Amino acid sequence: MKDKKDYVLTKEILDSLRSIDGFPIGKDEDIIALSDPPFYTACPNPWITEFIETYGTPYDPNDGYNREPFASDVSQGRTDPVYLAHTYHTKVPHKAIMRYILHYTNPGDIVFDGFCGSGMVGIAVQMCGSPDPEFQESVNCDMPNVQWGSRRAIICDLSPAATFIAYNYSNHIDSDEFKQNAQRVLQEITREYGWMYETYHQIDGQIQYRQEIDGSKKPIIGLVNFIVWSDIFICPNCSNEMIYWNVAVDKEKGVVLDEITCSSCGAKSTKRTLERSWEIIFDKSLNETVKRAKQYPVLINYSIINEKGKEKRFEKSPDDHDIELIKRIDSLEFSIYSPVDKIPEGYNTAQPRQSHGIAYVNQFFTRRNLFIISGLWDKYQQIPNKIIKGLGYFSITAALRYLSRMSKIGTENYFKGGGGPINVGLLGTLYVPSFSVENSVIKTLNTRYPKLFKVLESFSSSGEVIITSQSNSNLSNIPNNCVDYIFTDPPFGGNLMYSELNFLWEAWLKVFTNNQDEAIINDSQYKDLFKYQQIMEKCFHENYRILKPGRWITVEFHNSKNSVWIAIQESLLRAKFVIADVRTLNKQQGTFKQVTTTSAVKQDLIISAYKPSTTLEQTFTLTAGTEDGVWAFTNEHLRHLPVVVEKEGIIETIAERQNYLLFDRMVAFHVQRGITVPISSAEFYAGLAQRYPERDTMYFLPEQVEGYESARLQAHDVGQLSIFVHDERSAVQWLRQELATPQTYQEIQPAFLRQLHQDSHEALPELSDVLEENFLKDDQGKWYVPNPSKTSDLEKIRERSLLREFGTYVQGKGKLKLFRSEAVRAGFAKAWKERDYGTIVSVGKRLPPKVLQEDDQLLMYFDNAVMRGGE
């Protein structure tokens, strides 16, 4: 790429980018001012193609690339200084991401993240070239074949606040120059605004004085560290005001009482029964009267510097001087920029509006802190060096929550010790607590800056990362087949409302998220689960387009609802990715565990999927709808699955290598491409047994068997899958595993009942019927897993039974409340094969919505039938 000074973002260039989804909201001059081309733009970045042409390598189908899904344990804590440098809502530790990047890529490869947040992927690609020695040694021990060296990254987010934070994390800076400027700015702020944090030193309520040389006495001045503000409520009995701190906090026990007693009348009540006390005030920033919840300062924590220069902390209740100081500050006029934007209607923004009357950005701060933050922002704005200016803004946004009314006091820690008593509040919300804390801006930055300086000294960026602000659903400024690997951490449905949470930062930056394409479930934006899935599907389609064939995407996803997880999985499949491995990540223990069902509530999921090779797509185009197409897919899919996953001498049974999941993946590959599935499950299972070696219920390519058997000889044992029995399919899977050793009905039943957690809608057959339909019994009355030829015969008999059951559903009317899910799956599969899309849609509409949303196979058939005119 050319010299940086040759890149200029102009209004004419902005005009050429406005049609790209996610173009931010803001004035052109503010977008240009925030950007630092070519590596960062607060809008769609027009220089990405040039970045790829300079640093990338063209796709070569013969480059010999081959990787299995990453299935090793990752244990990276969230206490790394880099991780803690900013209070962005969610982050995956960069050292955890590094392990994925090292596994899937080579030095110089290009990594993409379309939901970059604070930019941990950007840090990770650079740190692969300059890891700290201890971490490098740990990785080399676990992953001896990795190649160290910097990679490149294209990172993208819809939020200008997110990309701005990512830019500062990834930028090449002179840490000494920033340190000098930051210290100078803070010294100037202290000289100009330090008086706002002065308070009289008191002992036992008495002001303390210092003897001067001339014999006079002057009050000893302390400097405020923080002030606790308390909500005020009205007693329902006597209507007098109660300062909540005074009546609700048991200082000896360090707890907030559930039941409080009015200090005026003695009446007892709970917080839920109390009404807030409100006041009408004139807001000078808005130049209008507003209604707000009344709060009162109840505790001041301050420091005195003794003769030896050592700091000692004290506490006091506010005195008349403190109250007068607050009134004096409140009366001052602003002469510099301070944001007064109205917060949007939304889920997170409703809480502070309803609880405290906060409807504008300035109202999240005390007048005192607003003055000083604005002063800081103004001083950094005057610095001509764009990088230093940006880092100054970064340092303020990193502390903004802590300096707002959202900061809270943990009463138990405060009175009894055991951790930091003051925190940034409830992350992922805009919640304003009843005991909010006004932290000193000066004190806070004096504490935070040395940590930030140390973090910046550890960076060594030199243009490895390019950042764009746009929707991941439209990447028209990125060419096809150019990215070597994708790691992404997408939004979690309705867990976090990023555009609302980022609004405070963006108000200071003057550039806002265009949330039209925000992937979220949010009533205020009229986005339900279906709309969320639509947007995620568009995003994954674009990710599929830019990823090189045969390469991998890793999706890290915190799953709070099964329906959201299924939506993510369905979006990936409809984008034509093939899922090869799904694991839950235990972040506390840093361990992975396979997910073998669609139910994985409240866990972090690691999804490994790949883009099929051009060879497979070309072969499948020629053989689609034939058995040759089935086995072409199966060959490639087996090649992408892990051969051996071992931990502590136990070899893991890989669910994806078992016949039922291989069949499911094959069916999905056909259905998502609108192709009829040419063979039944029985025929597929028989074909597997004829074509592929089987070991420990898993199927392998011939060239993979030797590696598995070698590991098997050295291992202590082969571990069993943990299967949650909730419907007929999972019951069969569990029985296949249990009956590796033949057992009688009497031996099986107690264990089966212990594992059974039947879905409420599931018409689960009796255990005896499940055994009859799927297994064989020997002369001694013991049930066993049949050999492949017998399995094929049983599958045909079972399929006829299921289709008879499905026929009754087709003939019936009204909602289906109790049914066999396996019968519906079998019926949908037959209808798809016969192109009878109307039957799929009509029966699908009669299923409970929750069942349809949480069953990946039923949803796959239903959605694709709808797309093909089934209604």
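See the values below:
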read-out: Residues (of a type outside the set (G, A, S), over 29 Å from the mean Cα position of the chain (by Cα) and open to solvent by 30 Å² or more (accessible area, probe 1.4 Å)) located in segment 332-369; value: L332, E333, F334, I336, Y337, V340, R367
read-out: Selection within segment 663-695 - within 36 Å of the chain's Cα centre (by Cα) and of a type outside the set (V, I, T); value: F663, D664, R665, M666, A668, F669, H670, Q672, R673, G674
read-out: Which listed residue is open to solvent by 80 Å² or more (accessible area, probe 1.4 Å), part of a strand (DSSP E or B) and out of contact with any Asp or Glu (no Cβ under 9 Å at 6 or more places or on another chain), from R191, R184, R210; value: R210
read-out: S230, sole failed condition from (1) within 24 Å of R353 (Cα to Cα); (2) buried (at least 21 other Cβ atoms within 10 Å of the Cβ); (3) free of Cβ contacts under 8 Å to residues at least 60 places away in the same chain; value: (3)
read-out: Long-range neighbours under 7 Å by Cβ, at least six apart or interchain, first residue basic (K, R) within segment 11-36, second in a helix (DSSP H, G or I); value: K11/D28
read-out: Selection count where residues are surrounded by fewer than 16 Cβ atoms within 10 Å (Cβ to Cβ), farther than 26 Å from A689 by Cβ and aliphatic (A, V, I, L, M), scope segment 779-832; value: 2
read-out: Residue identified as touching a helix residue (DSSP H, G or I) at 6+ places or on another chain (Cβ under 8 Å), within 12 Å of R152 (Cα to Cα) and in a loop (DSSP other than H, G, I, E, B) among G108, G129, G122; value: G108
read-out: Odd one out for C43 among (1) farther than 26 Å from I97 by Cα; (2) open to solvent by less than 20 Å² (accessible area, probe 1.4 Å); (3) hydrophobic (A, V, I, L, M, F, W, C); value: (1)
read-out: Test: F540 is open to solvent by less than 20 Å² (accessible area, probe 1.4 Å), modelled with pLDDT of 95 or more and aromatic (F, W, Y); value: yes
read-out: Answer residue from segment 494-516, given it is touching a Ser or Thr at 6+ places or on another chain (Cβ under 7 Å) and over 23 Å from S374 (Cα atoms) and is surrounded by the fewest Cβ atoms within 10 Å (Cβ to Cβ) among those; value: N495
read-out: The listed residue being open to solvent by less than 80 Å² (accessible area, probe 1.4 Å), at pLDDT 95 or above and not acidic (D, E), out of A267, A293; value: A293
read-out: Filtered residue count, segment 422-453, keeping only those that are hydrophobic (A, V, I, L, M, F, W, C), open to solvent by less than 20 Å² (accessible area, probe 1.4 Å) and touching a His at 6+ places or on another chain (Cβ under 9 Å); value: 1
read-out: Filtered residue count, segment 533-570, keeping only those that are of a type in the set (S, T, N, Q) and farther than 18 Å from S471 by Cβ; value: 6
read-out: Test: residue in segment 748-769 that is under 27 Å from Q690 (Cβ atoms) and open to solvent by less than 70 Å² (accessible area, probe 1.4 Å); value: no
read-out: Inter-residue pairs, beta-carbon under 7 Å, first over 30 Å from A823 (Cβ atoms) and in segment 704-729, second part of a loop (DSSP other than H, G, I, E, B) and polar (S, T, N, Q), 6+ apart; value: V718/T653; G719/T653
read-out: Of all residues making up segment 556-578, the number that are of a type in the set (D, E), in a helix (DSSP H, G or I) and touching a strand residue (DSSP E or B) at 6+ places or on another chain (Cβ under 9 Å); value: 0
read-out: Qualifying helices (runs of 4 or more DSSP H) (wholly inside segment 778-858; at least 2 residues being among the aromatic types (F, W, Y)); value: 788-811, 821-833
read-out: Hey, A153 aliphatic (A, V, I, L, M) and either in a helix (DSSP H, G or I) or within 30 Å of D330 (Cα to Cα) (or both) or not; value: no
read-out: Conditions (1) open to solvent by less than 10 Å² (accessible area, probe 1.4 Å); (2) within 28 Å of Y402 (Cβ to Cβ); (3) without any contact (Cβ under 8 Å) to a residue 60 or more places away in the chain; number of the one not met by K95; value: (1)
read-out: G357, sole failed condition from (1) without any contact (Cβ under 8 Å) to a residue 40 or more places away in the chain; (2) touching a helix residue (DSSP H, G or I) at 6+ places or on another chain (Cβ under 9 Å); (3) not basic (K, R); value: (1)
read-out: Residues located in segment 296-323, provided they are open to solvent by 30 Å² or more (accessible area, probe 1.4 Å) and in a strand (DSSP E or B); value: Y296, I305, E311, K312, R313, F314, E315
read-out: Y55 aromatic (F, W, Y), surrounded by fewer than 19 Cβ atoms within 10 Å (Cβ to Cβ) and either under 30 Å from T614 (Cβ atoms) or within 22 Å of the chain's Cα centre (by Cα) (or both); value: yes
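The values are calculated or read from the model by the stated rules, or taken from the named source; none is laboratory data. What you see is a predicted model; the values in this text were computed from it and never measured. Here Cβ is always computed from backbone atoms with ideal geometry, including for glycine, and neighbour counts include all displayed protein chains. For the accessible areas, the whole protein counts, side chains as well, though only heavy atoms, and no ligand, DNA or RNA atoms are used. Shrake-Rupley method; radii C 1.70, N 1.55, O 1.52, S 1.80 Å.
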